[in-house]
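Chemist: Take this structure, written in structure tokens, and hold onto it; I'll ask about it next.
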Ligand code: ADP
Ligand code: ZN
């Protein structure tokens with residue numbers, strides 16, 4: 001009889017032992033289905049792991065594995081990565097493994113999926129919901145569930161449309177091969193600088209060993225063109241390449257660029273995929289047929305058969321940090337994957353994270369620089385508008401110099417971009433009579449007015465309500481006023497001042513799908529847009545040659561609050577959005593509206609003094625023992641019952657570990673004291689780099705009894721403070 005130790009796809013348990021029936025073999029890494037009580041669960045045959053072995057169970061009590069799933073086994077380096085991620089982020093290994101083996105891994109790739117699409121015939125009986133659904137579906141297709149979600153109607157409405165013949169079934173095969181990219185399809189003529197950088201990247205791919213390369217080039221220097229050479233080298237060597245992007249809205253323009261360079265569309269992996277696409281992509285990734293994969297951070301854990309290089313684009317972006325479930329940082333885990341698999345990892349950025357620059361300084365990463373824009377385009381001029389001296393009119397947000405600059409661009413037929421990192425119309429609705437502020441019932445957060453869709457929404461839990469007519473507190477009529485600007489309100493002001501201007505609002509509300517993002521790019525490139533108004537979604541990736549003016553509506557927005565990375569993030573965000581200006585032959589201008597032009601970050605931006613800014617920031621962090629020179633970890637205890645949460649936090653606080661160099665702060669209400677109906681208390685740990693934070697936390701958390709009503713979230717190297 002053979003035993004197999006299996007790590008199941010559940011967060012609740014470590015590995016368990018099973019009996020392997022004689023006739024089937026299950027070597028290490030095999031993907032299997034195993035019984036757990038009455039359930040059937042997926043899992044992977046595992047060795048004794050750092051996260052512990054199961055209790056010894058006698059041979060006679062072992063249960064049989066149900067089956068070995070006919071997909072490639074999970075290779076040893078990827079198993080090590082799962083263990084490392086679990087150990088480092090103190091996350092259940094089964095939860096990490098689920099990112100390697102999402103549900104589609106267990107679906108038979110040969111079985112077609114039935115999707116539906118419109119036939120063009122209208123049902124004899126039209127209802128408002130049917131009209132809405134057909135309009136939303138347009139020429140897209142998907143499974144019943146997906147179409148219902150797309151149109152925001154019930155599945156019954158979709159089934160009704162199928163029965164009337166307005167929608168027809170299409171079989172989608174999930175094992176269709178993807179086209180092969182051609183590394184020589186349309187290689188660019190690289191500049192001398194680019195050629196030198198590309199050669200280093202190619203060499204790293206050919207070396208087939210672990211290496212981290214920081215591709216540090218100003219916006220528009222051609223980083224994408226250069227890292228594509230590394231991808232071409234990987235393709236030529238018969239390998240796969242993975243490109244991680246911070247935002248799914250960026251996927252579509254990237255797919256287009258890759259198609260232009262390699263002759264066919266790469267394989268996409270992100271949360272917006274349909275089931276059929278997801279299944280096809282997963283199986284092609286695991287078999288090695290998907291040669292170039294472009295994806296969001298969740299693409300990082302997939303079981304590539306022959307990975308040759310990982311590129312993390314816009315590597316400084318904080319959205320690579322996953323903030324729920326397994327709290328991991330995709331950039332850092334990408335480097336670990338390179339380490340375990342022996343392959344190079346390229347971090348591309350115009351404004352690298354201080355962490356990455358510190359690794360360069362420590363000699364751990366190679367620094368590859370592209371200091372100039374490609375093709376003689378110059379970097380834009382940055383200037384601050386002191387809002388204390390140039391106040392906008394009451395109830396307006398654009399200062400006179402910015403308004404003049406917009407008028408100038410409109411008159412010249414050039415495009416402008418207004419950046420404000422706030423979705424919606426106004427961040428706060430206030431009663432003029434009694435001072436009541438409309439708050440989310442589930443979170444410690446204000447409801448944000450979204451006037452375009454006529455709703456108030458909580459940006460933390462998604463709760464929505466119609467805008468109330470009366471103040472919910474004093475019941476006064478017409479006393480509610482919007483406070484502060486969001487992008488929609490800036491758009492209103494632009495419409496008032498420049499009624500002839502064609503405006504595009506770009507936020508996750510308007511660019512919620514890759515198709516919408518593609519449409520936006522087409523409109524801007526086609527000259528159908530004069531002024532883009534957007535959140536951080538427009539700060540990266542886009543290349544619009546006719547865009548010559550960038551206005552930062554409120555540069556001080558990110559500086560409030562106690563975030564230790566506030567200055568760095570502000571610098572990165574403004575440098576990135578500034579990088580959208582003047583990318584073609586016409587030079588760019590950037591106007592930064594601020595009330596603190598004397599703040600070091602604003603001064604550095606205006607003086608184009610990146611090195612000075614980073615040096616000052618590094619010494620401030622060093623002095624405070626902040627990352628990358630020291631480490632933080634956060635423990636957040638939450639419960640629907642505030643007394644339970646407070647009680648557990650207090651008991652944990654009473655047993656706080658004491659050690660040389662370690663500081664424990666709290667418990668105190670977490671920065672979001674209530675989130676999704678759960679009360680939250682936080683303990684914050686601060687320690688030197690060398691301190692064993694994980695071991696300390698493991699012992700500490702294990703030292704108290706946890707009531708079932710309380711939940712613990714551990715955040716190693718937290719980004720939100
Ligand atoms: P970055 O990623 O550094 O911002 P990109 O790779 O997006 O820069 O390049 C900016 C623009 O310049 C893009 O439109 C790109 O196609 C173009 N470009 C860069 N290098 C070359 C080159 N060697 N030949 C032709 N076009 C290039
Ligand atoms: Zn909420």
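Chemist: Just a yes or no: is a residue in the range 563-579 within 15 Å of ligand 1 (Cβ to nearest atom), in a loop (DSSP other than H, G, I, E, B) and at pLDDT below 90? Write out each step before concluding.
Modeler: Step one: filter the range 563-579 for residues within 15 Å of ligand 1 (Cβ to nearest atom), giving 572, 575-579.
So of that shortlist, the ones also in a loop (DSSP other than H, G, I, E, B) come out as 579.
Filter once more, so that each one left must be at pLDDT below 90: 579.
Yes, that holds for at least one residue.
Chemist: For residue 81, indicate whether it is modelled with pLDDT of 90 or more, part of a loop (DSSP other than H, G, I, E, B) and not assigned by the TED database to the domain that holds residue 342.
Modeler: Working: modelled with pLDDT of 90 or more: yes; part of a loop (DSSP other than H, G, I, E, B): no; not assigned by the TED database to the domain that holds residue 342: yes.
No; evaluated as a whole, the condition is false for this residue.
Chemist: Residue by residue through the range 352-396, note down the ones that are touching a helix residue (DSSP H, G or I) at 6+ places or on another chain (Cβ under 7 Å), assigned to a loop (DSSP other than H, G, I, E, B) and at pLDDT 95 or above.
Modeler: Matches in the range 352-396: 365 only.
Chemist: Kindly indicate whether residue 260 is in contact (Cβ under 8 Å) with a residue 24 or more places away in the chain, within 16 Å of ligand 1 (Cβ to nearest atom) and either surrounded by fewer than 18 Cβ atoms within 10 Å (Cβ to Cβ) or not in a helix (DSSP H, G or I) (or both). Can you show your working first?
Modeler: Numbers: in contact (Cβ under 8 Å) with a residue 24 or more places away in the chain: yes; within 16 Å of ligand 1 (Cβ to nearest atom): yes; either surrounded by fewer than 18 Cβ atoms within 10 Å (Cβ to Cβ) or not in a helix (DSSP H, G or I) (or both): yes.
So residue 260 passes the test.
Chemist: Tell me whether the range 408-423 contains one or more residues that are in a loop (DSSP other than H, G, I, E, B) and within 16 Å of ligand 2 (Cβ to nearest atom). Steps first, answer last, please.
Modeler: Taking the range 408-423 as the starting set, the residues that turn out to be in a loop (DSSP other than H, G, I, E, B) are 413-414, 420-423.
From what is left, the residues that are within 16 Å of ligand 2 (Cβ to nearest atom) are 423.
The answer is yes; a qualifying residue exists.
Chemist: Can you pull out the residues in the range 469-485 that are within 27 Å of residue 679 (Cβ to Cβ) and either within 16 Å of ligand 2 (Cβ to nearest atom) or outside any loop (DSSP other than H, G, I, E, B) (or both)?
Modeler: 472, 483
Chemist: Go through the range 257-279 residue by residue and tally those that are more than 21 Å from residue 176 (Cβ to Cβ) and under 22 Å from the mean Cα position of the chain (by Cα). Can you show your working first?
Modeler: Of all residues in the range 257-279, those more than 21 Å from residue 176 (Cβ to Cβ) come to 257, 260-261, 271.
From what's left, under 22 Å from the mean Cα position of the chain (by Cα): 257, 271.
Result for the range 257-279: 2.
Chemist: Here is a follow-up. Residue 639 passes all but one of (1) closer than 24 Å to residue 565 by Cα; (2) in contact (Cβ under 8 Å) with a residue 60 or more places away in the chain; which number fails?
Modeler: Residue 639 satisfies all of (1) closer than 24 Å to residue 565 by Cα; (2) in contact (Cβ under 8 Å) with a residue 60 or more places away in the chain except (1).
Chemist: Only one of these is away from ligand 1 (no atom under 16 Å from the Cβ) and under 29 Å from the mean Cα position of the chain (by Cα): 198, 169, 148, 156. Name it. Steps first, please.
Modeler: On the way: 198 fails: away from ligand 1 (no atom under 16 Å from the Cβ); 169 fails: under 29 Å from the mean Cα position of the chain (by Cα); 156 fails: under 29 Å from the mean Cα position of the chain (by Cα).
Testing whether each residue is away from ligand 1 (no atom under 16 Å from the Cβ) and under 29 Å from the mean Cα position of the chain (by Cα) leaves just 148.
Chemist: Residue by residue through the range 576-585, note down the ones that are more than 18 Å from residue 422 (Cα to Cα) and under 21 Å from the mean Cα position of the chain (by Cα). Please lay out each step first, then the result.
Modeler: To start, the set of residues in the range 576-585 that are more than 18 Å from residue 422 (Cα to Cα) comprises 579-585.
Within the range 576-585, 579, 580 qualify.
Chemist: It is to be established whether one or more residues within the range 49-58 are touching a residue at least 60 places away in the same chain (Cβ under 8 Å) and surrounded by fewer than 19 Cβ atoms within 10 Å (Cβ to Cβ). Steps first, please.
Modeler: Filtering the range 49-58 down to residues touching a residue at least 60 places away in the same chain (Cβ under 8 Å) leaves none.
Among the residues of the range 49-58, not one is touching a residue at least 60 places away in the same chain (Cβ under 8 Å) and surrounded by fewer than 19 Cβ atoms within 10 Å (Cβ to Cβ), which makes the answer no.
Chemist: Contact list please: Cβ distance under 7 Å, first residue in the range 170-195 and under 27 Å from residue 218 (Cβ atoms), second residue within 16 Å of ligand 2 (Cβ to nearest atom), pairs at least six apart or on different chains.
Modeler: none
Chemist: On to the next question. Residues in the range 299-314: is at least one surrounded by fewer than 19 Cβ atoms within 10 Å (Cβ to Cβ) and away from ligand 1 (no atom under 16 Å from the Cβ)?
Modeler: Scanning the range 299-314 turns up at least one residue that is surrounded by fewer than 19 Cβ atoms within 10 Å (Cβ to Cβ) and away from ligand 1 (no atom under 16 Å from the Cβ).
Chemist: Next question. Taking the range 430-449 only, how many residues are surrounded by 16 or more Cβ atoms within 10 Å (Cβ to Cβ), within 14 Å of ligand 2 (Cβ to nearest atom) and in contact (Cβ under 8 Å) with a residue 12 or more places away in the chain?
Modeler: 9
Chemist: Here is a further query. Got a number for residues in the range 597-636 being more than 21 Å from residue 89 (Cα to Cα) and in a loop (DSSP other than H, G, I, E, B)?
Modeler: Going through the range 597-636 one residue at a time, the tally reaches 6.
Chemist: So residue 496 clears everything in (1) assigned to a helix (DSSP H, G or I); (2) not assigned by the TED database to the domain that holds residue 419 except one condition, right? Which one?
Modeler: That leaves (2) as the condition not met.
Chemist: Has the range 408-417 got any residue that is within 30 Å of residue 589 (Cα to Cα) and within 16 Å of ligand 1 (Cβ to nearest atom)? Give the derivation first.
Modeler: Within the range 408-417, the subset within 30 Å of residue 589 (Cα to Cα) is 408-417.
Of the ones still in play, those that are also within 16 Å of ligand 1 (Cβ to nearest atom) are 415, 417.
There is at least one residue in the range 408-417 that is within 30 Å of residue 589 (Cα to Cα) and within 16 Å of ligand 1 (Cβ to nearest atom).
Chemist: Please specify each residue of the range 208-225 satisfying the condition of being more than 6 Å from ligand 1 (Cβ to nearest atom) and closer than 21 Å to residue 548 by Cα.
Modeler: Quick first cut of the range 208-225, residues more than 6 Å from ligand 1 (Cβ to nearest atom) only: 208-216, 218.
Of everything in the range 208-225, just one residue is more than 6 Å from ligand 1 (Cβ to nearest atom) and closer than 21 Å to residue 548 by Cα, namely 218.
Chemist: Being closer than 22 Å to residue 277 by Cα and out of contact with any helix residue (DSSP H, G or I) (no Cβ under 8 Å at 6 or more places or on another chain) is the filter here; which residues of the range 174-203 pass it?
Modeler: The answer is 179, 180.
The values are calculated or read from the model by the stated rules, or taken from the named source; none is laboratory data. Just so it is clear, the structure is predicted and the values come from calculations on it, not from any experiment. Cβ atoms come from the backbone with ideal geometry, glycine included; neighbour counts cover every protein chain shown.
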